[in-house]
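See structure below.
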Amino acid sequence: MGISDSDWDYPDPFFLDRLVLENDVDELLHTNNTVYVHWCQETAWAHSAKLGLNAERYQQLDRAMAITQSEYRYLRASKVGDVVKIGTWIVSWDKKLTMKREFQVIREDGATLMRGAMRFACIQISTGKLRRLPKEFIDGYGPAIIN
């Protein structure tokens, strides 16, 4: 079996692989929902770093993309020993202040376990106030946005 390109909601995801560990499951013996949230955050950071916008670069620019809204739809369970891929895409932005990222978690058998989305707004780290996207963000994130 395995995951095929047609299993993804959009083409060419940036993804991380994860193995469900014993400490990832809860009293119901399936992966706890907070683990999925953590995986999505890890994947978003890894994708940003690949685009040249890691936490150090954010600090240098005194700008960051801060999460303003998150939503998750849990569709199926995973258990200890399952291998999953967490895929992400930047699906929209306004080139001024905000962007939206979507996520999909797929088990190695091709079953989609979770779909999620995060909305981000650009802030100035030192003040926490909303700011326009700097040129570096437009240049870094821009080519990764799917149409």
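Derivation of every value follows stated rules applied to the coordinates shown; laboratory data play no part. Values in this document were obtained by computation on a predicted structure and should not be read as measured data. Positions of Cβ are generated from backbone atoms using ideal geometry, with glycine treated the same way; all protein chains shown enter the neighbour counts.
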Fill in: Order by protection proxy (mean Cβ within 10 Å, highest first), peptides 76-89, 133-146
76-89, 133-146
Item to complete: Within segment 21-115, list the GluC sites (Glu not before Pro) lying in a DSSP loop whose Cβ has at most 13 other Cβ atoms in a 10 Å radius.
Response: 27
Fill in: Count of lysine pairs in the chain with Cα separation under 27 Å (8 or more residues apart, or interchain)
13
Discussion item. Viscosity 0.692 mPa s, temperature 37 °C: what is the translational diffusion coefficient of the chain from Stokes-Einstein with a Kirkwood Rh over Cα pairs, rounded to a whole number of µm²/s?
Written reply: 205
Discussion item. Give me the net charge for the shell around residue 123: Cβ to Cβ below 9 angstrom, other residues only, Lys and Arg +1, Asp and Glu -1.
Written reply: +3
Worksheet item: Roughly speaking, what is the stretch gain from residue 95 to residue 136, that is 0.36 nm per residue apart minus the C-alpha to C-alpha distance, in nm to one decimal?
Response: 13.6 nm
Discussion item. Could you work out how much longer the chain between residue 77 and residue 59 gets when fully extended? Use 0.36 nm per residue separation minus the Cα distance between them, nm to one decimal.
Written reply: 2.8 nm
Worksheet entry | Mean-position separation - Cα centroids, segment 81-102 and segment 8-74, in angstrom | 9
